């Protein structure tokens, strides 16, 4: 299955329009409908007060100022002051409500994305850069937050103000109002023809930001290798390239986002010029008043000023839509490792069976071809073979990191796909050649995934480790359980990381324990200690060892030779060695 987000986005972008995306964004605000209702109510009050004010101003000029009635001027001035204070309060409340809405949406959306990432299979993370995923969680969701908290209610308020002002213009003087609204047609045409272009420029910039973040993440993560090979120039050049691309797309997005404002300003000034010229003519004919002309100019400003602000908000809207595009492609992904119902239960004496299993990572080059073998409970099995032969792939299929493209894998007579992840992990333990550790202490990493032991004290945990013979391995760490583990375990040697992974897996007491080159970076004395610990596991524990070093498999009950997508029984250790040497001569 293709999990490459860039490929998916390219395939779907052509069929997207703003209305479809708005429909998909709408579920985000359904849980916030009460706060939205309050925000809309305060917005409507604020807009209504701002629309009534120009009429009061015009009436005051014609009724009181021209007749020098200062009492009326002061009374209407006081009314306007009260209206503006109420409008100020309403504006504050709508900002407060929408700020909470934006943060709630940001919180929920980031949770949804992270939970979705937890559901997706390993193939997804192989096909997408970690930095780009981080950018989608942090940067793209923040663009949506800014739109909802700062732009949405302002957008609606400005729309109400603009429509209300247009209605007042037409109702006060139809011909003058119609003349004032003619430049708005130019604004509509400009917006219609540039919307897709603005969105495209912002989408390209968000993609560049994701690539920029990914480049930083990769260079920092691999800094040890950079220093070892003294290739600062290599990553410096790569960084310069991505930074230049980010700069280029940011400039283009900035030009696109800022272009509407001056264009809208031009049409707004043209509308005021039309009203002023036509209004003076009407006053000269006696069919209009100075107060109404001033009110009209204010309403023209109320109509076109929101349009200028809407230009900036429209750019924010396009950025939010581009961000939502990138987020939605993650949220709609489905795992290709579903849990299927139990339809077949094999009455078998074998614990684990591969039945005509074929597998390919990319759908083109086949790594395993119709592989069949079976493993009995409580025995030790070894898989050997040349590099690239398919050993780790077999282990990954056993742990269901992937599903076979053909054939089936059975665990205790059931299709492996019928097991829920928690149940499967209780049955199967997996120790990787390059274990993954988390920031914290050795204790934190040992207890990772062990819900039963999470609240154990140090003394209780040590007693547990001693009962399983694991306490001897803690001597390899300077501070024992409290030895600090830096990000991804860089503060420890690879051998120490493998010891932590070993302790973590053995504590789970799995029915099947898979060791994928798990002792490759461990000294001989420690390896003997690990062998002793493995021998002390319950008699019904099946051990599966994938190794290049033959001394690690000399006590295996059965050895399989893996090469070129095939798995063959190798018989004795001597026969396995002969098969390996023969393969090396051929290659």
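The values are calculated or read from the model by the stated rules, or taken from the named source; none is laboratory data. Computed from a prediction, not measured in an experiment: that's the story for all the values here. In this analysis, Cβ positions are derived from the backbone assuming ideal geometry, glycine residues included, and neighbour counts consider all displayed protein chains.
Considering each of 109, 169, 88 in turn, give the residue that is assigned to a helix (DSSP H, G or I) and at pLDDT 85 or above.
It is 88.
Among the residues of the range 122-155, write down those that are surrounded by fewer than 17 Cβ atoms within 10 Å (Cβ to Cβ), modelled with pLDDT under 75 and in contact with a helix residue (DSSP H, G or I) (Cβ under 6 Å, 6 or more places away or on another chain).
Correct list: 130 only.
Please go through the range 338-359 and pick out each residue that is surrounded by 15 or more Cβ atoms within 10 Å (Cβ to Cβ) and either farther than 20 Å from residue 514 by Cβ or at pLDDT below 80 (or both).
Answer for the range 338-359, where residues must be surrounded by 15 or more Cβ atoms within 10 Å (Cβ to Cβ) and either farther than 20 Å from residue 514 by Cβ or at pLDDT below 80 (or both): just 358.
Residues in the range 515-531: is at least one modelled with pLDDT of 80 or more and under 21 Å from residue 396 (Cα atoms)?
Yes, that holds for at least one residue.
Suppose we filter the range 520-533 for residues that are more than 21 Å from residue 401 (Cβ to Cβ) and either in contact (Cβ under 8 Å) with a residue 40 or more places away in the chain or surrounded by 19 or more Cβ atoms within 10 Å (Cβ to Cβ) (or both); how many remain? If you could, list the steps in order and put the result at the bottom.
Taking the range 520-533 and keeping what is more than 21 Å from residue 401 (Cβ to Cβ), we get 521-533.
Next cut, either in contact (Cβ under 8 Å) with a residue 40 or more places away in the chain or surrounded by 19 or more Cβ atoms within 10 Å (Cβ to Cβ) (or both) only: 522, 526, 529-530, 532-533.
Final tally of qualifying residues: 6.
Would you check if residue 103 is more than 24 Å from residue 421 (Cβ to Cβ) and loosely packed, with under 15 Cβ neighbours inside 10 Å?
Yes, satisfied.
For the range 326-340, indicate whether the set of residues that are over 30 Å from residue 118 (Cβ atoms) and either assigned to a loop (DSSP other than H, G, I, E, B) or more than 30 Å from the chain's Cα centre (by Cα) (or both) is non-empty. If you could, list the steps in order and put the result at the bottom.
Step one: filter the range 326-340 for residues over 30 Å from residue 118 (Cβ atoms), giving none.
No, the range 326-340 contains no residue that is over 30 Å from residue 118 (Cβ atoms) and either assigned to a loop (DSSP other than H, G, I, E, B) or more than 30 Å from the chain's Cα centre (by Cα) (or both).
Only residues that are surrounded by fewer than 16 Cβ atoms within 10 Å (Cβ to Cβ) and farther than 19 Å from residue 55 by Cα: list them for the range 275-313, please. Let's see the steps before the verdict.
If we filter the range 275-313 for residues that are surrounded by fewer than 16 Cβ atoms within 10 Å (Cβ to Cβ), which is where we start, we get 276-277, 280-281, 283-287, 290.
277, 281, 284, 285, 286 - these are the residues of the range 275-313 that are surrounded by fewer than 16 Cβ atoms within 10 Å (Cβ to Cβ) and farther than 19 Å from residue 55 by Cα.
Take the conditions without any contact (Cβ under 8 Å) to a residue 60 or more places away in the chain and either within 14 Å of the chain's Cα centre (by Cα) or assigned to a helix (DSSP H, G or I) (or both) and apply them to residue 104. Does it pass?
In short, no.
Could you check the range 563-587 and list, in sequence order, the residues that are modelled with pLDDT of 80 or more and closer than 12 Å to residue 382 by Cα?
567, 568, 569, 570
Of the residues that make up the range 259-274, is at least one free of Cβ contacts under 8 Å to residues at least 12 places away in the same chain, surrounded by fewer than 17 Cβ atoms within 10 Å (Cβ to Cβ), closer than 30 Å to residue 208 by Cβ and assigned by TED's automatic domain parsing to the domain that holds residue 205?
Looking for residues that are free of Cβ contacts under 8 Å to residues at least 12 places away in the same chain, surrounded by fewer than 17 Cβ atoms within 10 Å (Cβ to Cβ), closer than 30 Å to residue 208 by Cβ and assigned by TED's automatic domain parsing to the domain that holds residue 205, one finds at least one in the range 259-274, hence yes.
Of the residues that sit in the range 278-293 and are assigned to a helix (DSSP H, G or I) and touching a helix residue (DSSP H, G or I) at 6+ places or on another chain (Cβ under 6 Å), which one is farthest from residue 188 (Cα to Cα)? Outline the logic, then answer.
Within the range 278-293, the subset assigned to a helix (DSSP H, G or I) is 278-284, 290-293.
If we keep only those that are touching a helix residue (DSSP H, G or I) at 6+ places or on another chain (Cβ under 6 Å) too, we end up with 278-279, 291-293.
Numbers: 278: 23, 279: 25, 291: 30, 292: 27, 293: 26 Å.
Ranking the candidates gives 291 first.
Check off (1) out of contact with any strand residue (DSSP E or B) (no Cβ under 7 Å at 6 or more places or on another chain); (2) more than 24 Å from residue 375 (Cβ to Cβ); (3) at pLDDT 85 or above for residue 417 and give me the number that stays unchecked.
(2)
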